[in-house]
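Reviewing the structure listed below.
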Amino acid sequence: MRVTLIHNPAAGRQCAGEATQLHNFLSVAGHEVRYQSAKEDGWKRALKKPADLIVVAGGDGTVAKVTRRMVGRGVPVAVLPSGTANNIARTLGLVERPFEELVRGWERPRRVKLDVGIAAGPWGERYFVESVGAGLFAGVLASPSRKELKKGKKGKAAVESALRRLREAALRCESLEVTAALDGRDISGRYLLLEAVNLPYVGPNLHLAHDSQPGDGQFDVVLVTEAERERLLYYLEHWQENRERIGMLPTRRGRRLQIEWTGFALHIDDKLLPKAKAKPKEIAGLVEARIDGAAVEFLVPA
């Protein structure tokens, strides 16, 4: 196959010489490989060139930015997970599987459709893969100490550090008054966390959407009020024990979430709004997150 390889050389699992190793590995497997670093400007142009398959070697940030660019292109994507959280790869069942097994699986793969949501607001429209929300997650993203806390941490240590940071924030964060509707039903209230999640796993491997399935045409809106603070804290403290079972939080399923945004911290995947230099007219208005048919097909081993 003609393969375009988009590689993040700074991802958590990467090592010196990884780019050459990946290129040679795919070539030996019989593929015609075009290599492009995700850290260089040419990655967007590389996605436009003829290919039978787009392969992403990196973490959630790299996989998500490629996925957003592949909506409507008709070319499948495959993931070689090498990031920290790997929420997208985990959702697709690709974590802790050798690269050799994943590449062999492309010969007779399952094809899994992954919904790509649309977030629209005063800034325009943007695709999202993981989640959109306000409250706890957005507050941590807005923390001035976020970058400093990330320095020097890789893999599991980075996930554990992020979860500790979330728990510390969850202990003291105040609830946020939000006016919102889901598929036309009023869900307004005061929330510590309001999160429209498109994957079962979000952030530092938090398992928030237990019934979520790739390509099911809906997202799950997690609604955490003051009444659920202790439940949330317990999960963030004991996530290693059985995160898939103890993380039960109130959720509602839907296709269209509308929020009256007054300028409070809001995130779309890993991007925080409002931007530091936002104009007043850009930080207020209706924000809508919706699932309406945009999707990308992924190849996974059968």
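Name the residues in the stretch 21-62 that are among the hydrophobic types (A, V, I, L, M, F, W, C) and without any contact (Cβ under 8 Å) to a residue 40 or more places away in the chain, would you? VAL28, VAL33, ALA38, TRP43 - these are the residues of the stretch 21-62 that are among the hydrophobic types (A, V, I, L, M, F, W, C) and without any contact (Cβ under 8 Å) to a residue 40 or more places away in the chain. Taken together, the residues in the stretch 167-202 that are in a loop (DSSP other than H, G, I, E, B), surrounded by fewer than 19 Cβ atoms within 10 Å (Cβ to Cβ) and touching a helix residue (DSSP H, G or I) at 6+ places or on another chain (Cβ under 7 Å) amount to 2. Residues in the stretch 224-238 that are in contact (Cβ under 8 Å) with a residue 40 or more places away in the chain and either aromatic (Phe, Trp, Tyr) or in a helix (DSSP H, G or I) (or both): GLU226, ARG229, LEU232, LEU233, LEU236, GLU237.
The criterion of at least 1 residues that are modelled with pLDDT under 95 and among the acidic types (Asp, Glu) is met by none of the strands (runs of 3 or more DSSP E) falling completely within the stretch 1-76. For TYR191, the stated conditions do not hold, so it cannot be described as within 28 Å of GLY83 (Cβ to Cβ), among the aromatic types (Phe, Trp, Tyr) and not assigned by TED's automatic domain parsing to the domain that holds PRO109. In the stretch 254-297, the residue that is surrounded by the fewest Cβ atoms within 10 Å (Cβ to Cβ) out of those that are over 30 Å from LEU80 (Cα atoms) and charged (D, E, K, R) is LYS277.
Across the stretch 253-290, the number of residues qualifying as farther than 11 Å from ALA119 by Cβ, assigned to a loop (DSSP other than H, G, I, E, B) and either touching a Ser or Thr at 6+ places or on another chain (Cβ under 8 Å) or β-branched (Val, Ile, Thr) (or both) comes to 3. For the stretch 71-87, a residue qualifies if it is more than 14 Å from VAL3 (Cα to Cα) and touching a helix residue (DSSP H, G or I) at 6+ places or on another chain (Cβ under 9 Å), and the qualifying residues are ARG73, PRO81, SER82, GLY83, THR84, ALA85, ASN86, ASN87.
The rows are residues; the columns are (1) assigned by TED's automatic domain parsing to the domain that holds LEU266; (2) surrounded by fewer than 23 Cβ atoms within 10 Å (Cβ to Cβ); (3) of a type in the set (Lys, Arg).
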site: PRO50; (1), (2), (3): no, yes, no
site: ARG68; (1), (2), (3): no, yes, yes
site: GLU101; (1), (2), (3): no, yes, no
site: ARG126; (1), (2), (3): yes, yes, yes
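Which of the following residues is in a strand (DSSP E or B) and either buried (at least 21 other Cβ atoms within 10 Å of the Cβ) or more than 21 Å from the chain's Cα centre (by Cα) (or both): VAL300, VAL221? Steps first, please.
Details: VAL300 fails: either buried (at least 21 other Cβ atoms within 10 Å of the Cβ) or more than 21 Å from the chain's Cα centre (by Cα) (or both).
Every option except VAL221 fails the conditions.
Out of the residues in the stretch 203-218 that are in contact with a Lys or Arg (Cβ under 6 Å, 6 or more places away or on another chain) and outside any strand (DSSP E or B), which is surrounded by the most Cβ atoms within 10 Å (Cβ to Cβ)? First the steps, then the outcome.
Taking the stretch 203-218 as the starting set, the residues that turn out to be in contact with a Lys or Arg (Cβ under 6 Å, 6 or more places away or on another chain) are 207, 215, 218.
The next check asks that each one be outside any strand (DSSP E or B); those that pass are 215, 218.
On the way: GLY215: 14, GLN218: 18.
So, considering only residues that are in contact with a Lys or Arg (Cβ under 6 Å, 6 or more places away or on another chain) and outside any strand (DSSP E or B), the one surrounded by the most Cβ atoms within 10 Å (Cβ to Cβ) is GLN218.
Checked against the criterion of being over 18 Å from the mean Cα position of the chain (by Cα), among the basic types (Lys, Arg), over 22 Å from ARG164 (Cβ atoms) and modelled with pLDDT of 95 or more, the candidates ARG255, ARG190 yield just one match: ARG190. On the stretch given as the stretch 91-125, residues that are of a type outside the set (A, V, I, L, M, F, W, C) and assigned to a loop (DSSP other than H, G, I, E, B) total 7.
The values are calculated or read from the model by the stated rules, or taken from the named source; none is laboratory data. Here the structure is a predicted model, which means the values were calculated and not measured. No Cβ is skipped: glycine too gets one built from the backbone with ideal geometry, and neighbour counts run over all protein chains shown.
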